[in-house]
Amino acid sequence: MRWAQLTLVEDDSGKFDPRFWLDYFKRTRSDAVCLSAGGCVAFYPTRLPLHHRSRWLGAADPFGEMVAGCRKQGMVVIARTDPHATYDDVRDAHPDWIAVDANGNRRRHWASPEMWVTCALGPYNFEFMTEVKREIASLYKIDGIFINRWDGSGMCYCEHCRSLFRDAAGRDLPRSFNPQDAAYRAYLVWRQQRLFDLWQLWDGEVRKINPDACVIPNTGGGATSSLDMKKIGELAPTLIADRQARRGLAAPWANGKNGKEFRAAMGSKPIVGIFSVGMEEPYRWKDSVQSDAEIRLWVADGVANGLRPWFTKFSGVLHDERWLPVVEEIYNRYADWEPYLRNEASLARVALMYSQQTGWFYGGERAASKVEDHTLGWYQALIEARIPFEMVHDRMLDGLNPRQFSTLVLPNIACLSQTQCNQIREYVRSGGGIIATHETSLYDEWGTRRTDFGLADLFGVSYKSGPEGPMHNAYLRLEHGTNGDQPLLKGLEAAARIIHGVWRLEVEAREKFPSPPLTLIPSYPDLPMEKVYPRVARTDKAEVYLRDTIAVKPGRVEQNTSRQRGDAIAPRGGRVVYFPWDIDRTFWEVLCVDHLKLLRNAVEWANNGEQQVTVTGPGILDVTVWRQKSSMSVHLVNLTNPMMMKGPLRDLIPAPAQSVRVRLPDGAIARRVRLLAAGTTPRVERQGPYLSLTVPSVLDHEVVTIDL
Ligand SMILES: [Zn+2]
């Protein structure tokens with residue numbers, strides 16, 4: 001539940017004090033630890049030729065000493081290895097183990113130029129590092145081996161990679177990174193297969209020595225990560241998210257997002273979030289310490305989203321000790337809360353889909369803006385709307401059903417196979433709501449464009465042309481109708497028009513959409529100022545399509561309009577919202593509150609029912625809701641801060657009182673209700689299955705617990 005990591009540096013041997021660290025692990029109530037063992041530097045007396053012993057090792061065994069000490073404290077122990085860099089003697093003995101660049105040169109290490117970058121896909125990893133793992137597992141009874149930087153450092157053109165790829169794909173290694181280039185597409189697939197083979201080889205060898213141990217590669221992530229999360233979820237008994245802190249412009253909920261992405265693939269298996277106590281910017285001040293407020297909020301958002309915390313420290317000799325009491329306090333708090341952190345299920349009713357195949361084959365080198373920014377826009381909107389949600393992986397839609405998630409959001413999920421489209425269709429037919437944006441389903445799973453959306457029947461529209469953009473100075477006209485009953489326009493009653501997005505598709509309705517809430521006001525000149533007037537004041541082009549469906553037969557839904565069906569006896573299908581433009585991506589770029597309202601209203605309409613929890617009050621909170629064995633919990637993480645969108649935080653600033661309304665699971669009876677951080681028992685009002693209470697204040701992290 002609470003992980004510690006001590007990554008030794010080569011000259012630590014003989015200099016650092018193991019007793020200090022063992023005592024710190026005890027004081028933080030850490031119950032698991034990752035310790036440096038070998039690969040780049042061996043911190044134990046290895047007998048393997050070419051396995052580089054620390055030059056300061058002498059006759060000592062700092063790794064073995066730490067393992068024994070941690071065992072005595074009852075901790076789970078895993079060994080850290082790092083295979084990505086090596087030395088001249090290895091290069092001389094096995095020049096073919098070194099990575100080669102596109103010009104045919106062996107690669108020096110970019111940060112430590114006396115070292116060499118190794119090839120990840122050839123014998124260095126498959127043979128030499130396998131021996132290293134066998135040795136560590138045989139000498140020390142460890143529970144697992146964590147492998148850092150195991151998957152290569154960019155494309156390698158060494159003799160092994162060239163011949164292995166030619167054998168597998170029948171062609172030469174690609175020279176471009178364009179996903180529409182067949183060679184590059186084949187490379188993406190081949191590299192993954194090779195790495196999964198490597199992982200299974202290492203795991204198998206370690207389990208031969210200790211059947212209860214395993215190998216845990218440092219891998220995994222969201223739509224822009226390179227290894228298939230579905231396969232990772234099948235192979236890994238646990239997974240560690242290595243996003244150590246914020247950098248640049250990033251929201252503090254980014255840590256919780258790791259948790260959601262990992263859980264989507266890992267289900268109920270334990271997932272862990274590494275956090276750094278230092279600054280994580282491109283300049284890599286690895287020995288730095290950042291503000292305690294920033295560390296606390298980063299960890300809080302991970303824990304609220306189901307990640308078990310893992311602090312990492314490089315160097316056994318400390319250059320700056322200010323982080324020690326901060327982590328000690330955080331860990332003791334979460335140790336005290338542990339019974340309520342052993343979650344069995346999220347109770348969120350909304351799911352946000354992510355798609356690695358869209359990242360690989362549609363996004364390519366522009367995946368950050370074409371793919372991830374759509375997700376980030378939705379993520380921010382759902383946080384601001386305080387709608388608890390989970391993420392789902394597009395290749396794991398098998399069991400998807402409205403009993404778990406009432407609404408599924410597809411943020412420009414461009415690449416979907418026919419099978420995936422059918423799964424989504426079936427979900428809507430059985431009552432699930434969907435909200436899709438922009439080019440969703442316009443490409444197949446390999447990034448090849450279709451003539452029409454794979455989900456055209458669900459959207460009720462067909463693709464015509466585009467995308468058009470980047471559009472300047474384009475708007476949306478709000479069609480409030482005569483009785484102002486447009487659910488999508490709630491909160492925008494006073495607005496006649498709002499800004500459009502940046503990219504839009506031209507689409508054509510396949511059926512009647514009476515009274516569309518948003519229509520296009522096309523882009524018009526934004527300079528000279530004298531020329532800034534709309535050339536077309538009004539069009540009848542709808543810029544959002546809302547359908548309330550009924551299920552007519554397996555795999556088919558139809559729009560449910562009273563005119564069409566009268567008193568339809570067909571079962572209710574889900575509600576479908578389709579935006580042909582990049583509302584989510586534009587929201588992430590410009591954060592326009594009008595777009596936020598559209599996104600929030602779209603979820604509320606598609607969801608067509610109550611949330612498990614509503615939290616009302618000022619500020620921005622990440623709200624998550626969980627079920628444990630005999631309790632449920634609502635986490636409130638206070639993100640309200642002038643440094644919310646660009647860290648690090650200076651201070652934690654308490655959020656004012658929040659009203660919380662929770663729906664109990666069917667048939668459950670609430671016994672004790674507590675506020676964990678405040679340490680108080682709130683006054684609770686009960687009304688049927690609902691509990692209402694007030695949380696007086698949230699500093700960084702409050703948890704409402706309800707014993708059932
Ligand atoms: Zn290679």
- line: Taking every DSSP bridge whose two residues both lie in the chain, the antiparallel percent to the nearest 5 is 55
- line: The size of the Cβ-based charge dipole (Lys, Arg +1; Asp, Glu -1) of the chain about the Cα centre, to the nearest 20 debye, is 1320
- prompt: Taking Cα atoms, how many degrees apart are the long axis of helix 418-429 and the longest axis of the chain, rounded to 10 and kept between 0 and 90?
  reply: 50
- prompt: If you take the charge dipole of the chain about its Cα centre, with +1 on Lys and Arg Cβ and -1 on Asp and Glu Cβ, which of Ile413, Leu527, Gly64 is farthest toward its positive end?
  reply: Ile413
Two-decimal Rg to Rh for segment 354-440 - Kirkwood Rh, Cα set: 0.96
Phi-based couplings in Hz for segment 179-185 (Karplus 6.51, -1.76, 1.60; Gly and Pro marked x): x, 7, 7, 4, 5, 5, 4
statement: Mean 1/r over distinct Cα pairs of the chain, inverted to a Kirkwood Rh in Å, yields 27.4
field: Residue exposure sequence - Tyr354, Tyr475 - by fewest surrounding Cβ within 10 Å
entry: Tyr475, Tyr354
statement: Taking the chain and counting helices only, DSSP H stretches of n ≥ 4 at -39,500 (n - 2.57) each over all residues, the nearest-500 ellipticity at 222 nm comes to -7500 deg cm²/dmol
Check: segment 224-332 dipole with +1 on Lys, Arg Cβ and -1 on Asp, Glu Cβ, in debye: 440
message: What's the whole-number percent of alpha carbon pairs in segment 566-673 lying beyond 16 angstrom?
response: 74
query: How far is helix 62-72 tilted off the main Cα axis of the chain, in degrees rounded to 10, range 0 to 90?
result: 70
Leading residue at positive end of dipole, the chain (Cβ point charges), from Gly501, Val461, Gln380: Val461
- prompt: Considering amide H positions built from the backbone, and no H for Pro or chain starts, which residues 5 or more places from Gly491, or on another chain, come under 5 Å of its amide H?
  reply: none
task: Could you list His500, His52 in order of exposure, starting from the residue whose Cβ has the fewest other Cβ atoms within 10 Å?
output: His52, His500
- request: Would you work out which of Met396, Gln628, Met1 lies farthest towards the positive end of the dipole of the chain? Charges go on Cβ: Lys and Arg +1, Asp and Glu -1.
  value: Gln628
- line: The correct pair for segment 23-134, radius of gyration to one decimal and Dmax as a whole number, both in Å and from Cα atoms, is 16.4, 52
message: Percent of Cα-Cα pairs more than 15 Å apart in segment 24-73, please.
response: 49
field: Between segment 388-407 and segment 293-336, the alpha-carbon center distance in angstrom
entry: 31
task: Specify the inter-centroid distance of segment 491-523 and segment 583-611, based on alpha-carbon positions, in whole Å.
output: 14
- prompt: To the nearest Å, what is the center-to-center distance of segment 433-453 and segment 1-68, using C-alpha atoms only?
  reply: 50
message: Taking the beta-carbon count within 10 Å as an exposure proxy, list Glu10, Glu294, Glu329, Glu445 from fewest neighbours to most.
response: Glu329, Glu10, Glu445, Glu294
statement: Toy charge model, Lys and Arg Cβ at +1, Asp and Glu Cβ at -1: segment 567-667 dipole around Cα centroid in debye, rounded to 20, equals 280
field: For segment 80-213, average projected area of the Cα convex hull in nm²
entry: 8.7
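Only the coordinates and a few stated rules stand behind these numbers; no lab work does. Only a predicted model underlies this, so the values are computations on that prediction, with no experimental measurement involved. In this analysis, Cβ positions are derived from the backbone assuming ideal geometry, glycine residues included, and neighbour counts consider all displayed protein chains.
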